[in-house]
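This report concerns only the one structure given below.
Read-outs: derived from the displayed coordinates by stated rules, not from any lab. Keep in mind that what you see is a predicted model, and the values were worked out from it rather than measured. Please note: Cβ atoms are built from the backbone with ideal geometry, for glycine as well, and neighbour counts cover all protein chains shown.
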């Protein structure tokens, strides 16, 4: 079985090993705190080496060892503060070292007094360090932070246990090298926390470096926004979530109006400043979950996860208004045009992007400084409304009558969903709409001329089947509380009415 001296020796060897290797690595990472951690490891190992030699050379070596432990705690704290890029509390660190040095000298022959006074001070220092970590917790990338936090909390638990044990049962405190099982468990725990803290800090530093390197690859050098590669990755991820979980996702393509004139009149340097300013203004209006990137030239792209029609409409108009108010040149105010589109479950990234790009073109040619959807949609009291017009007609009265009915039912649903109805009432309305969909699909398939056999007829039948299955899937998720109403609204407005009725149906019947 391990004895205390052997555990002390392990602590010394492991600390020196980490200290030397981390010191070598810290030469290229001066701002990461690695140097402070390496110094802390060496000081901690030296402290336990002095504890080992105290048996032969007396209590002064215990005093010196306690001082080294105080230095190590102080340097670990400095390393974490350095990593967080905040100034370490130097006066408190120095006070800790002086305090422990004096207490350990005064009570060099009283182990229980040293435990009570020194451990209490260490707990206070580690509480400060934990608080500093918690303030920047979300900004620290990766898993290393969990090991560091675990180490600090575990060490505080060990120190607190020792203080209470010394206060309540001081007469039972064993000698420094007692082979008591509680002593062995205690120092093994110290060994584990040293390993976890050192490895955790190294991992934390590496993960931040990896993240910063990845940012350099994925961010635009001028605006600081994400680049096309990142936008492509996010789009693929969010489209996958839409297909699997039904969560809506929206896209906005932003183009700076008359940007060529700005470059021609003021020069490209001013143009770059304007592009950077508009990028910053747009980014400041978004949620943390929204992803904004520079697509190329003066075009920006924003992906809005978990965002439906109303939310997209509101933020897009807000962006137009904010840019026009906050960005200007001596002779003009700047503005942006925005093309908007919601993703369909059948979309590819290319088809989704093309629809938003087409909407951007419409915004440009109809006056600029506006946001337009890729579909005939207006908003009445925050609810989206699909606008029917004769140019959407198939020329078949029965089919067009059904189309108008389904669009009206969908518009009613959009208004219905914005009111405070119970889930049962909402599900009843969806059931009514589903029946209308089925009746229309039956009529539609009968109306397709008999000479239009597969693949066209079969393909259209498959589209109908897919739409019903998709609606049933979304309704099931909603009924179980796993989906918001926006997802169903997006399906009915975009996939049923705009994509199928106004696009696919018109294409099929125009060909008959």
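Computed values, structure above
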{"item": "Shape of the stretch 350-437, Cα gyration tensor, a/c cut at 1.5", "result": "oblate"}
{"item": "Cα gyration tensor, the stretch 357-399 - rounded (a/c under 1.5), prolate or oblate", "result": "oblate"}
{"item": "Where the Cα pairs of the stretch 221-266 fall when distances are cut into 5 Å bins, in %", "result": "5, 15, 16, 18, 16, 11, 9, 6, 4, 1"}
{"item": "Additional length obtainable on full extension of the chain from residue 277 to residue 57, 0.36 nm per residue less Cα span", "result": "72.3 nm"}
{"item": "Inter-probe distance in nm under a simple model that places probes 7 Å from Cα toward Cβ, at residue 438 and residue 90", "result": "7.8 nm"}
{"item": "Gained length - residue 27 relative to residue 189, 0.36 nm times residue gap less alpha-carbon distance", "result": "55.3 nm"}
{"item": "Within the chain, percent of DSSP bridges classed antiparallel, to nearest 5", "result": "85 percent"}
{"item": "Two-site label geometry, residue 218 and residue 136: point separation in nm, points 7 Å out along Cα→Cβ", "result": "2.1 nm"}
{"item": "Additional length obtainable on full extension of the chain from residue 164 to residue 365, 0.36 nm per residue less Cα span", "result": "64.7 nm"}
{"item": "Inter-site label distance for residue 480 and residue 404 at 7 Å from Cα along Cβ, in nm", "result": "4.1 nm"}
{"item": "Order by protection proxy (mean Cβ within 10 Å, highest first), peptides 422-432, 191-201", "result": "191-201, 422-432"}
{"item": "Ranked packing of 391-397, 64-70, 34-40, 292-298, most packed first, by mean Cβ within 10 Å", "result": "34-40, 64-70, 292-298, 391-397"}
{"item": "Ordering of 48-54, 78-84 by burial proxy (mean other Cβ atoms within 10 Å per residue, highest first)", "result": "78-84, 48-54"}
{"item": "Option label - Cα Rg over 2.2 N^0.38 Å computed here, alternatives [x] 1.21; [y] 1.17; [z] 1.43", "result": "[z]"}
